[in-house]
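Accompanying notes for the structure given below.
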Amino acid sequence: MPEQTTAVPGRRTTAVRPPGPDGPAGATAVAHPNIALVKYWGKRDEQLVLPWTSSLSMTLDIFPTTTRVRLDAGAGHDAVTLNGAPATGEAARRIIAFLDLVRDRAGLPHRAVVESVNTVPTGAGLASSASGFAALAVAAAAAYGLDTDATALSRLARRGSGSASRSIFGGFAAWHAGRPTGSATEADLSSYAEPVPAAGLDPALVIAVVDAGPKDVSSRAAMRRTVDTSPLFEPWAASSEDDLAGMRAALRRGDLDAVGEIAERNALGMHATMLAARPAVRYMSPASLTVLDSVLQLRRDGVPAYATMDAGPNVKVLCHRADADRVAGAVRAAAAGGSVHIAGPGQGARLVGEGGR
Ligand code: DP6
């Protein structure tokens with residue numbers, strides 16, 4: 001078994017056993033989703049998954065994805081299951097393209113058996129692709145014997161899904177947009193996530209799942225349409241730079257109100273860019289607005305609580321851990337029929353064992 005370690009910048013994440021004469025290796029990794037407080041929305045390079053703006057998130061301690069990758073020297077194709085069912089369509093295409101990238105880097109032709117178990121409601125705007133590709137990057141890199149540190153794993157995870165670059169790290173993490181100029185290799189190397197220090201914060205994110213079904217427009221398609229057609233995209237991207245600087249400073253001084261105010265305006269601004277796209281992309285539902293109203297009411301009642309939303313109707317509410325039960329109660333009443341979950345800051349992606357042959 002490889003030693004169990006957490007991804008730390010600049011350090012090896014594991015003692016990797018490369019595929020040897022006794023057959024290729026397997027590896028199992030766990031990763032958690034993250035929720036962006038300064039959002040990633042829009043790619044300047046779709047192939048390399050390079051974003052227009054830098055972003056910052058909190059990795060959660062709930063909804064883990066566990067992924068096992070085992071190399072199969074005799075197989076003619078990859079076999080991928082998601083929650084026990086064979087992966088199909090776009091999901092299968094993205095995972096196989098990711099494995100091709102890992103094979104190319106490892107110089108190995110072996111196909112893989114991938115088994116991924118995801119506990120987040122898939123496709124509900126809860127960033128299942130972040131935990132999914134972070135776990136796949138860590139497991140596949142180990143199984144194929146890639147020599148990676150946490151920064152390299154973050155870059156690799158980014159190629160699967162942009163937000164996955166941040167789930168390599170625990171707590172708060174910022175993903176650098178990177179340099180827009182230079183060669184493709186330089187651009188690739190310049191865009192990765194790293195941990196962000198946060199002093200004296202004991203935060204919780206209360207997650208109101210008002211609709212756990214798959215969304216009508218994927219975040220990938222929606223962000224492309226926003227960049228291509230929304231007149232609000234450029235101003236939002238410009239203000240996002242200030243939001244990131246303000247967010248870093250607020251985290252450094254442990255100022256939850258400032259963190260929350262910036263997170264809420266950044267997220268609502270992102271949704272405004274989509275509403276102005278042609279045709280509009282609208283992820284907010286009447287239930288989302290009811291939950292947003294309950295967050296305003298909490299603040300009027302003196303409870304620091306701030307909302308953020310991703311590519312779906314669900315609402316995540318940032319608050320002090322000590323207020324989480326009260327916030328969850330208010331949000332539960334507003335999200336009638338929906339489920340409410342309380343998350344704290346979680347660990348980065350890590351190997352949890354060797355998957356056997
Ligand atoms: C709204 O990382 O899922 O959650 O790179 O196309 O896979 P791809 O997109 P993805 O987008 C996440 C967008 C977001 C905001 C965020 O997490 O920063």
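The values are calculated or read from the model by the stated rules, or taken from the named source; none is laboratory data. Note that the coordinates shown come from a computational prediction; the quantities given were computed from them, not determined experimentally. Neighbour counts run over all protein chains shown; Cβ positions are idealised from the backbone, glycine included. We work out accessible area using only protein heavy atoms, side chains counted, and drop any ligands, DNA or RNA first. Shrake-Rupley method; radii C 1.70, N 1.55, O 1.52, S 1.80 Å.
Some values worked out for this structure:
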item	result
Selected from 73, 330, 25, residue furthest toward positive end of dipole (the chain; charges at beta carbon)	73
³J(HN,Hα), Karplus 6.51/-1.76/1.60, whole Hz, each residue of region 204-210, x for Gly, Pro	10, 10, 8, 9, 9, 8, 8
Magnitude of the charge dipole, region 203-343, Cβ model with Lys/Arg +1 and Asp/Glu -1, debye to 20	240 debye
Computed over the chain: relative contact order in percent, which uses C-alpha pairs under 8 Å that are six or more apart	27 percent
For region 202-357: relative contact order, % (alpha-carbon pairs under 8 angstrom, 6 or more apart)	39 percent
The chain - accessible surface per residue (Å², probe 1.4 Å)	39 Å²
Other-chain or far-sequence residues with amide H under 5 Å of residue 44's (modelled H)	50, 52
Net charge of Cβ neighbours under 14 Å - reference residue 250; Lys, Arg +1; Asp, Glu -1	-2
Computed [θ] at 222 nm, deg cm²/dmol, the chain (DSSP H ≥ 4; -39,500 (n - 2.57); rounded to nearest 500)	-12000 deg cm²/dmol
Neighbour count of at most 12 Cβ within 10 Å plus DSSP loop: longest GluC sites (Glu not before Pro)-free window in the chain	47-357
Among 290, 88, 151, residue whose mean-square fluctuation peaks in a GNM of the chain (springs only between Cα atoms under 10 Å)	88
Rounded to the nearest 20 debye, dipole of the chain from Cβ charges on Lys, Arg, Asp, Glu	300 debye
Dipole of region 203-343, positive end: most advanced residue of 229, 259, 213 [Cβ charges, Cα centre]	213
Estimated dipole of region 23-196 in Debye, rounded to 20 [Cβ of Lys and Arg +1, of Asp and Glu -1, Cα centre]	200 debye
Pairwise centroid distance, computed over Cα atoms, of region 163-202 with region 312-346, Å	27 Å
Principal axis dimensions, largest first and in whole angstrom, of the chain by Cα	66, 41, 38
Karplus (6.51, -1.76, 1.60) ³J(HN,Hα), θ = phi - 60°, over region 227-238, in Hz, Gly and Pro reported as x	4, 6, 10, 8, x, 8, 5, 4, x, 5, 4, 5
Surrounding net charge for residue 109, when Lys and Arg each add one and Asp and Glu each subtract one, Cβ distance under 13 Å	-1
Highest-fluctuation residue, 222, 150, 184 considered, GNM on the chain with Cα pairs under 10 Å	184
Inter-label distance, nm, simple model (7 Å from Cα along the C-beta direction), residue 289/residue 186	4.9 nm
Cα-based equivalent ellipsoid of region 49-164: semi-axis lengths in Å, sorted from largest, via gyration tensor	22, 18, 12
In order through region 323-340: 3J(HN,Hα) via Karplus (6.51 cos²θ - 1.76 cosθ + 1.60), integer Hz, x for Gly, Pro	9, 4, 5, 5, 4, 4, x, 5, 5, 5, 5, 6, 8, 3, x, x, 9, 10
